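Structure first, commentary second.
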Amino acid sequence: MRPFSFTGTGCYNAATVLNGHGIRGVRLGGYPNRRATEMAEVQCVKCGKAGEQITDPLFMGRLESEIKANVCKSCWREWEGMKVMVINEYQVNLGEESGRELVKKHMRAFLKLGEAVDNSKLQQSYRPVQ
């Protein structure tokens with residue numbers, strides 16, 4: 001018996017090799033449902049408007065589901081910019097648990113998911129992008 005080869009007189013493609021049916025026998029899954037491509041919306045607690053839901057993984061454990069259920073994508077992007085300011089202004093060491101907790105506390109306050117925190121240090125040094 002000869003070993004399989006892609007050379008020869010026949011036309012071989014991945015579909016032929018995998019299931020022997022040729023390209024017509026391959027089910028590619030078709031087009032996605034229209035509903036799946038529509039934008040999912042969430043009522044944002046920060047801006048108070050209905051906005052696009054966060055679809056990217058946040059890697060935040062239990063807190064992730066709360067954020068995705070209550071915060072729109074644009075407010076989350078706003079927080080990502082503010083997070084850099086929090087880390088820099090408070091000189092947070094993210095390697096320590098206390099530093100990560102400080103950032104989470106500011107995040108919850110910024111996104112209006114928890115109690116307010118003193119962010120006067122951030123307000124003093126804040127300069128809008130020009």
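The values are calculated or read from the model by the stated rules, or taken from the named source; none is laboratory data. This one's a predicted model, so the numbers in the text were calculated from it and none came from an experiment. FYI the Cβ positions are ideal-geometry reconstructions off the backbone, even for glycines, and counts take in every protein chain you see.
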Subject >> Pairs with Cβ under 6 Å, 6+ apart, first in region 55-79 and of a type in the set (Gly, Ala, Ser), second surrounded by 14 or more Cβ atoms within 10 Å (Cβ to Cβ) >> reply: Ser74/Gly51
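So is Ser98 at pLDDT 95 or above, loosely packed, with under 13 Cβ neighbours inside 10 Å and in a helix (DSSP H, G or I) or not? It would help to see each step written out before you state the result.
Values: at pLDDT 95 or above: yes; loosely packed, with under 13 Cβ neighbours inside 10 Å: yes; in a helix (DSSP H, G or I): yes.
For Ser98, the condition - at pLDDT 95 or above, loosely packed, with under 13 Cβ neighbours inside 10 Å and in a helix (DSSP H, G or I) - is met.
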Subject >> Top-ranked residue in region 70-94 [being part of a loop (DSSP other than H, G, I, E, B) and among the polar types (S, T, N, Q); ranked as surrounded by the fewest Cβ atoms within 10 Å (Cβ to Cβ)] >> reply: Gln91
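For every residue, the table says whether it meets (1) at pLDDT 95 or above; (2) basic (Lys, Arg).
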{"site": "Gly29", "(1), (2)": "no, no"}
{"site": "Arg35", "(1), (2)": "no, yes"}
{"site": "Met39", "(1), (2)": "no, no"}
{"site": "Cys44", "(1), (2)": "yes, no"}
{"site": "Phe59", "(1), (2)": "no, no"}
{"site": "Gly81", "(1), (2)": "no, no"}
{"site": "Glu89", "(1), (2)": "no, no"}
{"site": "Ala116", "(1), (2)": "no, no"}
{"site": "Lys121", "(1), (2)": "no, yes"}
Original post:
What number of residues within region 67-100 satisfy the criterion of being farther than 17 Å from Leu122 by Cβ and among the charged types (D, E, K, R)?
Top reply: 6
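From Glu64, Glu52, grab the single residue that is under 25 Å from Glu41 (Cα atoms) and part of a helix (DSSP H, G or I).
Working: Glu52 fails: part of a helix (DSSP H, G or I).
Exactly one residue qualifies, and that residue is Glu64.
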